[in-house]
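Structure first, commentary second.
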Amino acid sequence: MKTHNERLLIVDDEDSIRDVLTDFLTMEGYSVVSASNGIDAQKILETESFHCILLDLKMPGMSGLELLEIINTLAPESVAIMMTGFGTVETAIKAMKSGAYDYILKPFKVQEVINLIERGLKEKRLEQDNIQLREAVELYDLSEELSSSLEMNVIYDLLIDTTRAQIDADGVALWIRGEDDNEEVCERRWMRGTLEASHARQMLAIDVGKIQKRFIGDESLIIHGDDARELIQDEDAQTLSSLFLVPLKNSDKALGFLVAFAFDENEKFLEGKRKMLTVLAGRASAAIENAALYSNLKTTFKQTIQAFANLLEDKDPYTHGHSHRVKKYAVMIAVGMGMSDEEVELISDTALMHDIGKLGIRYEDLNKAEPLTEGEYEMFKSHTTRGKWILQPIPFLHGLIPGVYHHHERWDGRGYPVGLKGTDIPLAGRILAVADTYDAMTSHRAYRRALPHDVAISEITAYSGTQFDPEIVKVFLREIKMDAKAQKAKAQRWQTMVNETANEESKLPFGK
Ligand SMILES: [Fe+2]
């Protein structure tokens, strides 16, 4: 006898048909259960699952078509085959349109039924293999995307989007444990647009403590009905039908969890997706931990740059605040040019570090009222090369080198250290040249007092196209004008507020 490991349900009001089919199909190796009417079949389907269901079209009480509706809800994965007599073929075709796999005409030869079942199950297996393959490919693509992302926000969005697409949830929320307080915070929440405020309330009211207690190991779990509603601290929770809980953890450390909500009794989450979400959560957890490490590294990087900038300015009272002001102007230009956040950040860091090479130079020799000798000037000029030399051994500061090394190049090629010309000069160098010169002119130096803003602006304009990139000068002039306007408006607002407060106070009976 063959063994199929596949379960069949036969629903027919005729005893003889049920008996014959049960005997033959059991001999074929199937595990067979039978019911004599739709109501009994429904009860069986509520607790058991079947690969294939053979059902009679004409039955007293509940018709085959009505039972088919129930099968579509309770056992959508099963292959449903309708058994029908002559004269009802049209109805049988209607049944196929409603989701039945095929129909067979009575009276039939048992072998025909066996062939049909085998064909149906084979197609179903193929379909499921395809689904699994598609899921595996999707999961692979997603893993690639997750592991290539070091941005926490991108990872969170990917997790939410994938979960809602994979399990067709009404709502998904991502809870992440904070580094310091070890408390979960809801980082992302998505809800189907058609849902009501009461659903949003339920999503907000999950009992984090109770959910955590449910997790054992790394497995995700699906909870239905009252069991699920138990985890929501909201009296509206009556409408919740099931919860999908996915723990996020790494080497024993809990990172948080993902929770998906189904509010419709007909849209309960299916067991088949559990494995997939567990794997997804594993990948996401690794990505979250990587992103956290990267973020720490980035903080260290920022602190290092800040420390260098402070060290530099400590050495020279005349350039106090210079790096920070150059950063402000450089960022102004970068934003004005429409650069991406990352590019702006790089320009900002480079600006803070642009004169780092001066750390190797004796300031006493350079900060003097008299003009520099030729030797002193050469030493001063070497700060660009020294800057590159200081950054070179530190790989995570390499991105800053182009701006640091080339910020004294000139548009006409007569600058240093290389003498690059036009757009051959790295963009960061061209931006810094304008920002650096404007700040140098408008702040005090050992050998002269600060120049007024207007004079500095006309100097920059005069050297546009010779010393400076004309496009960058254009952006700088526009942005600094806008900034001045914004500053003026802010000052005016303050003044108005101060005046109003003074007026109000003067109205008080005893003055201030
Ligand atoms: Fe410089």
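The values are calculated or read from the model by the stated rules, or taken from the named source; none is laboratory data. All of these numbers come straight from a predicted model, not from anything done at the bench. Every residue, glycine among them, receives a Cβ derived from its backbone with ideal geometry; neighbour counts consider all protein chains shown.
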Inset, instruction - Can you give me the ranges of the helices (runs of 4 or more DSSP H) entirely in the range 315-415 with at least 3 residues that are within 16 Å of the ligand (Cβ to nearest atom) and surrounded by 15 or more Cβ atoms within 10 Å (Cβ to Cβ)? - result: 322-336, 341-353, 374-381, 383-391, 401-406
Inset, instruction - Answer yes if at least one residue in the range 124-140 is within 25 Å of SER16 (Cα to Cα) and modelled with pLDDT of 85 or more, and no otherwise. - result: no
Legend entry - Among (1) among the aliphatic types (A, V, I, L, M); (2) over 21 Å from GLU265 (Cβ atoms); (3) assigned to a helix (DSSP H, G or I), the one test that ALA200 misses: (2)
Inset, instruction - Select from the range 222-263 the residues that are on the phi < 0 side of the Ramachandran plot, free of Cβ contacts under 8 Å to residues at least 40 places away in the same chain and of a type in the set (S, T, N, Q) and write down the one among them that is surrounded by the most Cβ atoms within 10 Å (Cβ to Cβ). - result: SER242
Inset, instruction - Give the residues of the range 1-31 that are buried (at least 21 other Cβ atoms within 10 Å of the Cβ) and not charged (D, E, K, R), sorted by residue number. - result: LEU8, LEU9, ILE10, VAL11, LEU21, LEU25, TYR30
Legend entry - Residues located in the range 416-433, provided they are of a type in the set (A, V, I, L, M, F, W, C) and either touching a residue at least 40 places away in the same chain (Cβ under 8 Å) or within 14 Å of the ligand (Cβ to nearest atom) (or both): ILE425, ALA428, ILE431, LEU432, ALA433
Legend entry - Qualifying positions in the range 149-182 - assigned to a loop (DSSP other than H, G, I, E, B) and in contact with a strand residue (DSSP E or B) (Cβ under 7 Å, 6 or more places away or on another chain): ALA169, ASP170, GLY178
Legend entry - GLU112, sole failed condition from (1) closer than 19 Å to ALA92 by Cβ; (2) of a type outside the set (A, V, I, L, M, F, W, C); (3) modelled with pLDDT under 90: (3)
Legend entry - Tally, over the range 45-71, of residues that are touching a strand residue (DSSP E or B) at 6+ places or on another chain (Cβ under 8 Å) and surrounded by fewer than 18 Cβ atoms within 10 Å (Cβ to Cβ): 3
Inset, instruction - Give me a count of the residues in the range 239-265 that are farther than 16 Å from GLY171 by Cβ and touching a helix residue (DSSP H, G or I) at 6+ places or on another chain (Cβ under 9 Å). - result: 9
Inset, instruction - Kindly indicate which of ALA450, ALA456 is buried (at least 18 other Cβ atoms within 10 Å of the Cβ), free of Cβ contacts under 8 Å to residues at least 24 places away in the same chain and away from the ligand (no atom under 16 Å from the Cβ). - result: ALA456
Inset, instruction - Check the range 204-217 and report whether any residue there is over 26 Å from the mean Cα position of the chain (by Cα), assigned to a helix (DSSP H, G or I) and over 22 Å from LYS273 (Cβ atoms). - result: yes
